[in-house]
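Below you'll find the structure, written out as structure tokens, and then a few comments.
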Amino acid sequence: MSDTKAPAVTVPKSDPHAQDLEVVPLRNYGRWIAAAAALLALVGLIGSLAKNDNLHWDVVGHYLFADLIFDGLATTLWLTAAAMALGLGLGTLIAVMRLSSSPVLYGLATVFVWFFRGTPLLVQIIFWGYAAALYQYVKVGVPFTDITFFQAETNSLLTPAIAALLALGLNEAAYASEIVRAGIQSVDPGQTEAAHSLGMRPALTMRRIVLPQAMRVIIPPMGNETINMLKMTALVSVISAHDLMSNIQDVYAQNYQVIPMLVVASLWYLALVTLLSVPQAWLERRYGRGTTRAGYVSPFRRMLGGAVERIGKNSKEESR
């Protein structure tokens, strides 16, 4: 390598007023006009909704914090957490199977993804909810013999909540497996070869070397899957799983206030999605350290267009 240094760039000092020059940022007047028009339209829409008597805001306020709504929220939250845990765990296993050199493991994983990703989630929820119509009893024993180790009625085992969990979890596993597989394949194969050369077994290599690096690719879409799962729990209302949407439907089936009750559901879903976006952004920044994703800026700060930074900078200059 050469030890020569690049020549330093010098600023000509012929102009005595060169030090008095101030860099002024470009004024994007079109951007501000578009923002003002969008804000005006948003204020008009909010004002129109606020004055609309058909929304019955008194009904919305009455049921927004009702006990029945909180019971549905609890079911929605645990269904989301349990289905994502089941989907991520099983999806990781299926992703590893699809990357396996064994044709049997690859074939089983491929068929699983093909089936659960190829059929609508609503159909799967209804199937699990009415599985007793196909099998009245669940038996575990030796095939082609009368030896039975366990037997129970299907309806007693597959309650609406368990049926919803199986449908959501298995469906999520099919999608999560593709996300995890893409993350694993994004890691340089040289990392695996180096680990094997050090005597690490494949399972240990996957857990300690490959998966931590794959998280940079896995976290963003998996965060979106979590938010999508939260909203997809509304589909389990078709089997009366007592989630938020199920309880909302029970209420407007009695008082016939469909639109106000849907507003209640929308407000709670928006609040929960907003809360889930915070840890997602934190995880993206954490696992994106050392990459371009490390400079992730929250949507709120981006919408302000750097106004917060300019205000902070001006306040520091004034304090000096």
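Pairs meeting the criteria (first residue in region 57-77 and closer than 12 Å to Met245 by Cα, second residue modelled with pLDDT under 90 and outside any loop (DSSP other than H, G, I, E, B), beta carbons under 6 Å, at least 6 apart or on different chains) are lacking. Please determine whether any residue of region 63-77 is touching a Lys or Arg at 6+ places or on another chain (Cβ under 7 Å), of a type in the set (A, V, I, L, M, F, W, C), at pLDDT below 95 and at negative phi. No. Entry remark, region 248-262: residues being farther than 17 Å from Thr233 by Cβ and either of a type outside the set (A, V, I, L, M) or without any contact (Cβ under 8 Å) to a residue 40 or more places away in the chain (or both) number 8 in total. Considering the conditions (1) outside any helix (DSSP H, G or I); (2) modelled with pLDDT of 90 or more, Ser100 is excluded by exactly one of them, (2). Check region 132-141 and report whether any residue there is touching a residue at least 40 places away in the same chain (Cβ under 8 Å) and charged (D, E, K, R). No, region 132-141 has no match at all.
Report yes if some residue within region 253-260 is surrounded by fewer than 16 Cβ atoms within 10 Å (Cβ to Cβ) and either at pLDDT 95 or above or of a type in the set (Phe, Trp, Tyr) (or both); otherwise report no. Checked region 253-260: at least one residue is surrounded by fewer than 16 Cβ atoms within 10 Å (Cβ to Cβ) and either at pLDDT 95 or above or of a type in the set (Phe, Trp, Tyr) (or both).
If you go through region 233-246 one residue at a time, do you hit one that is in a helix (DSSP H, G or I), surrounded by fewer than 16 Cβ atoms within 10 Å (Cβ to Cβ) and out of contact with any Cys (no Cβ under 6 Å at 6 or more places or on another chain)?
The first filter runs over region 233-246 and keeps only residues in a helix (DSSP H, G or I), leaving 233-239, 244-246.
From the residues that got through so far, the ones that are surrounded by fewer than 16 Cβ atoms within 10 Å (Cβ to Cβ) too are none.
The answer is no, given that none of the residues of region 233-246 is in a helix (DSSP H, G or I), surrounded by fewer than 16 Cβ atoms within 10 Å (Cβ to Cβ) and out of contact with any Cys (no Cβ under 6 Å at 6 or more places or on another chain).
If you go through region 107-122 and pick out every residue that is among the hydrophobic types (A, V, I, L, M, F, W, C) and surrounded by fewer than 10 Cβ atoms within 10 Å (Cβ to Cβ), you end up with 0. Residues of region 194-237 that are of a type in the set (Ser, Thr, Tyr) and under 30 Å from Ile162 (Cα atoms): Thr226, Thr233, Ser237. Name the one entry in Ala195, Ala131, Ala161, Ala174 that is of a type outside the set (Asp, Glu), touching a Phe, Trp or Tyr at 6+ places or on another chain (Cβ under 6 Å) and surrounded by 13 or more Cβ atoms within 10 Å (Cβ to Cβ). So the residue among Ala195, Ala131, Ala161, Ala174 that is of a type outside the set (Asp, Glu), touching a Phe, Trp or Tyr at 6+ places or on another chain (Cβ under 6 Å) and surrounded by 13 or more Cβ atoms within 10 Å (Cβ to Cβ) is Ala174. Restricting Ala82, Ala74, Ala38 to those that are closer than 30 Å to Arg207 by Cα and assigned to a helix (DSSP H, G or I) reduces the list to Ala82.
Please specify each residue of region 53-70 satisfying the condition of being in a helix (DSSP H, G or I) and within 12 Å of Val251 (Cβ to Cβ). Spell out the reasoning first.
Initial filter on region 53-70 (in a helix (DSSP H, G or I)): 53-55, 57-63, 67-70.
Listed by number, the residues that qualify are Val59, Val60, His62, Tyr63, Asp67, Leu68, Ile69.
Restricting region 193-205 to residues that are outside any loop (DSSP other than H, G, I, E, B), at pLDDT 85 or above and out of contact with any His (no Cβ under 9 Å at 6 or more places or on another chain), the residue that is farthest from Thr92 (Cα to Cα) is Ser197.
Going through (1) more than 24 Å from Met97 (Cα to Cα); (2) at pLDDT 90 or above one by one, Trp282 falls short only on (2).
The values are calculated or read from the model by the stated rules, or taken from the named source; none is laboratory data. Remember, it's a predicted structure, so these values are computed and weren't measured experimentally. Heads up, the Cβs are rebuilt from the backbone with ideal geometry, glycines too, and the neighbour counts pull from every protein chain shown.
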